[in-house]
Amino acid sequence: MMTEQTNVIHCGDNLEIMRKMDDESIDLIYLDPPFFSNRNYEVIWGDDQETQSFGDRWEGGIQHYVGWMVERLTEMHRILKPTGSIYLHVDHHAVHYLKVEMDKIFGMSNFKTQITWRRCRPKGNAKTFSNNSDYILYYTKSKKSKFNVQYDKYLPSTLNVYNHDDNDGKGKYHLDNTSAPNGYKYNLGYGEKTPSRGYAWKEETMRQKITDGLIDIRPGKVPTQKRYLSDTKGVPFDNVWTDINQVIGKESCGYPTQKPEALLERIIKASSNSDDIVFDPFCGCGTSLVVAKRLGRQYIGIDVSPTACPVVADRLGISHSQIFGMPIDVKDLKTMNPNHFQQLICTKMNARNTSPNVEKNSGGDGGVDGIVKFGLSTTGYEGSPIQIKRSSKIGINVVKNFFATMHDLKKDIGFIVALSFGKGAVEQVAKYKNEGSVEIILVKAEDIAKKGYFEP
């Protein structure tokens, strides 16, 4: 077992990584696994590892998918603290199947609720009711779990009852029933008792409230209590959430399965406290980790995609050295799809991927796979073209063709990234530099992967 290092990201199969984690070491688990929907966008980042991990789920149907999930949920139960909670985010395709399995793993008595999140506004459907909701299965490890009530705002109709104000600086209030001791209602101010039912305040409590000016006493009227708007927290949320919209604007990372920060904030606030460890075994673009950090929690994330993990690290503002399990040698890099390899290199070199579509064949890029973005401008590389080859022993012809491309673009500096370079390529680059025409920098992909970043 490994002692959990927090505020880190692991790249790899979450099942294998969780098997090395300590028993009862995690306070809160949120997971948004690939849904059983046969929709290609679930493989968000498009890495070969991701495709291989999820690609066989459909061959065996729903039972194969459920079995794949059960292995992982069993490990999550083991690593969760007795005071911990787990939130499993699914859609309508598999929620009922996984609910049965979660009952077996966590126990029916530890099932708290099924949250329904309406992720978008109602959409018309002439044939049936539209599926506009996701579902979140909320379980605890035991009866010792922690829970912090989260409040919704009052409706305007509710606020209208706060229609009194004594202009004493305490603000608006409404008058509510009082409770008196020993089953009696006090005719306060007159020292008499009148039999009544359903009242439970102690006499000293009532007297203190009178002293504090919280009881409204009028001759001939039943005493009432002043309940101030400023003392209210709102209405506790139930298990139907309609107030959180899908990701839009600046929060968006451009991926269709990204969840809104407000959704994760409600969950993390409800079932964890400051400095608790929040764990997301399918962290994707890292929203749960970003929110956990902002709320003062520790975090651990896992994702199978070596392209996703650096993006998450950048969102968190942490060094890529805090990513464990990233590909670090030629053998690992060779297993990647060429287009996804290209995206990985562009990410690490702070470059814009210039292929028309990173999920498809990258033809039509004019011999340039990336353009260095701002951030490296102090080294003079901003705007420099990059050609990326998931190939070994790059030869002289690649260098000559890239030289012609640079000439057409009127660029003096450019990069070629590959697994390795032949003698002819190295000599041709040296020739161009000695001639003072252009500078082509040859970069080994393995060097970038080992460092976790680009350093010319």
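Which of the residues spanning segment 386-433 are among the β-branched types (Val, Ile, Thr) and assigned to a helix (DSSP H, G or I)?
Residues of segment 386-433 among the β-branched types (Val, Ile, Thr): 386, 388, 394, 396, 398-399, 405, 413, 416-417, 426, 429.
Correct list: Ile396, Val398, Val399, Thr405, Val426, Val429.
Give the number of residues within segment 324-338 that are more than 11 Å from Ala449 (Cα to Cα) and touching a helix residue (DSSP H, G or I) at 6+ places or on another chain (Cβ under 8 Å). Can you show your working first?
Looking only at segment 324-338, we keep the residues that are more than 11 Å from Ala449 (Cα to Cα), and these are 324, 331, 334-338.
Remaining after also requiring touching a helix residue (DSSP H, G or I) at 6+ places or on another chain (Cβ under 8 Å): 335-337.
The number of residues fulfilling the criteria is 3.
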| said: So the check is Cβ under 8 Å with 6+ separation or different chains; which pairs have a first residue in segment 162-177 that's without any contact (Cβ under 8 Å) to a residue 60 or more places away in the chain and a second one that's loosely packed, with under 11 Cβ neighbours inside 10 Å and not hydrophobic (A, V, I, L, M, F, W, C)? | reply: Gly171/Ser230; Lys172/Asn163; His174/Asn163
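Anything in segment 336-349 that is modelled with pLDDT of 80 or more and surrounded by fewer than 22 Cβ atoms within 10 Å (Cβ to Cβ)? List them, or say none. Explain how you work it out, then say what you get.
At the first step, the residues of segment 336-349 found to be modelled with pLDDT of 80 or more are 341-342, 345-346, 349.
Scanning segment 336-349 gives no hits.
From the set of residues in segment 79-98 that are part of a helix (DSSP H, G or I) and over 22 Å from the mean Cα position of the chain (by Cα), which is surrounded by the fewest Cβ atoms within 10 Å (Cβ to Cβ)?
Start the filter on segment 79-98 by keeping residues that are part of a helix (DSSP H, G or I), which leaves 79, 95-98.
Subset that is over 22 Å from the mean Cα position of the chain (by Cα): 96-97.
Numbers: His96: 11, Tyr97: 17.
If we take residues in segment 79-98 being part of a helix (DSSP H, G or I) and over 22 Å from the mean Cα position of the chain (by Cα), then His96 is surrounded by the fewest Cβ atoms within 10 Å (Cβ to Cβ).
Using the structure shown, decide if Ala292 is without any contact (Cβ under 8 Å) to a residue 40 or more places away in the chain, at negative phi and surrounded by 16 or more Cβ atoms within 10 Å (Cβ to Cβ).
Numbers: without any contact (Cβ under 8 Å) to a residue 40 or more places away in the chain: yes; at negative phi: yes; surrounded by 16 or more Cβ atoms within 10 Å (Cβ to Cβ): yes.
Taking the combined requirement at face value, the residue satisfies it.
Can you tell me which residue is surrounded by the fewest Cβ atoms within 10 Å (Cβ to Cβ) among those in segment 99-124 that are farther than 26 Å from Pro236 by Cβ and of a type in the set (D, E, K, R)? Quick ask: steps written out before the conclusion?
Going through segment 99-124, the residues farther than 26 Å from Pro236 by Cβ turn out to be 100-101, 104-105, 123-124.
Remaining after also requiring of a type in the set (D, E, K, R): 101, 104, 123.
Details: Glu101: 18, Lys104: 11, Lys123: 8.
Looking at residues that are farther than 26 Å from Pro236 by Cβ and of a type in the set (D, E, K, R), I get Lys123.
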| Tally of residues being of a type in the set (A, V, I, L, M) and part of a loop (DSSP other than H, G, I, E, B) across segment 257-307 | 2
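Could you please let me know if Asn148 is exposed (fewer than 14 other Cβ atoms within 10 Å of the Cβ) and either closer than 23 Å to Glu261 by Cβ or touching a strand residue (DSSP E or B) at 6+ places or on another chain (Cβ under 6 Å) (or both)?
On the way: exposed (fewer than 14 other Cβ atoms within 10 Å of the Cβ): yes; either closer than 23 Å to Glu261 by Cβ or touching a strand residue (DSSP E or B) at 6+ places or on another chain (Cβ under 6 Å) (or both): yes.
It is true that Asn148 is exposed (fewer than 14 other Cβ atoms within 10 Å of the Cβ) and either closer than 23 Å to Glu261 by Cβ or touching a strand residue (DSSP E or B) at 6+ places or on another chain (Cβ under 6 Å) (or both).
For the structure I just gave you, tell me whether Ser362 is at pLDDT below 90, more than 26 Å from Tyr432 (Cα to Cα) and in the same structural domain as Lys433 (by TED's automatic domain parsing). Can you show your working first?
Working: at pLDDT below 90: yes; more than 26 Å from Tyr432 (Cα to Cα): yes; in the same structural domain as Lys433 (by TED's automatic domain parsing): yes.
It is true that Ser362 is at pLDDT below 90, more than 26 Å from Tyr432 (Cα to Cα) and in the same structural domain as Lys433 (by TED's automatic domain parsing).
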| request: Scan segment 125-144 and give yes if some residue there is modelled with pLDDT under 95, in a loop (DSSP other than H, G, I, E, B) and crowded, with 18+ Cβ neighbours inside 10 Å, otherwise no. | output: no
| task | Please state which of the following conditions Thr178 fails to meet, knowing it meets all the rest: (1) of a type in the set (Ser, Thr, Tyr); (2) at pLDDT 80 or above; (3) surrounded by 14 or more Cβ atoms within 10 Å (Cβ to Cβ). | result | (2)
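Does segment 308-328 contain at least one residue that is acidic (Asp, Glu), part of a loop (DSSP other than H, G, I, E, B) and either surrounded by fewer than 24 Cβ atoms within 10 Å (Cβ to Cβ) or free of Cβ contacts under 8 Å to residues at least 12 places away in the same chain (or both)? Full working, then the answer.
Let us first name the residues in segment 308-328 that are acidic (Asp, Glu), namely 314.
From what's left, part of a loop (DSSP other than H, G, I, E, B): none.
Taking every residue of segment 308-328 in turn, none turns out to be acidic (Asp, Glu), part of a loop (DSSP other than H, G, I, E, B) and either surrounded by fewer than 24 Cβ atoms within 10 Å (Cβ to Cβ) or free of Cβ contacts under 8 Å to residues at least 12 places away in the same chain (or both).
Does any residue of segment 222-236 turn out to be in a loop (DSSP other than H, G, I, E, B), surrounded by fewer than 18 Cβ atoms within 10 Å (Cβ to Cβ) and modelled with pLDDT of 95 or more?
Going through segment 222-236, the residues in a loop (DSSP other than H, G, I, E, B) turn out to be 222-223, 232-234.
Filter once more, keeping what is surrounded by fewer than 18 Cβ atoms within 10 Å (Cβ to Cβ): 222, 232-234.
Checking which are modelled with pLDDT of 95 or more leaves us with none.
Looking through segment 222-236, none of the residues is in a loop (DSSP other than H, G, I, E, B), surrounded by fewer than 18 Cβ atoms within 10 Å (Cβ to Cβ) and modelled with pLDDT of 95 or more.
Does Ile371 fit the bill of being at pLDDT 90 or above, surrounded by fewer than 21 Cβ atoms within 10 Å (Cβ to Cβ) and under 22 Å from Cys253 (Cβ atoms)? So that I can check it myself, show each step before the final result.
On the way: at pLDDT 90 or above: yes; surrounded by fewer than 21 Cβ atoms within 10 Å (Cβ to Cβ): yes; under 22 Å from Cys253 (Cβ atoms): yes.
So Ile371 fits the description; yes.
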| Does Thr51 satisfy being at pLDDT below 95 and buried (at least 16 other Cβ atoms within 10 Å of the Cβ)? | yes
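The values are calculated or read from the model by the stated rules, or taken from the named source; none is laboratory data. Please read these numbers as outputs of a predicted model, since none were measured by experiment. As a convention, Cβ positions derive from the backbone with ideal geometry for all residues, glycine included, and neighbour counts pool all protein chains shown.
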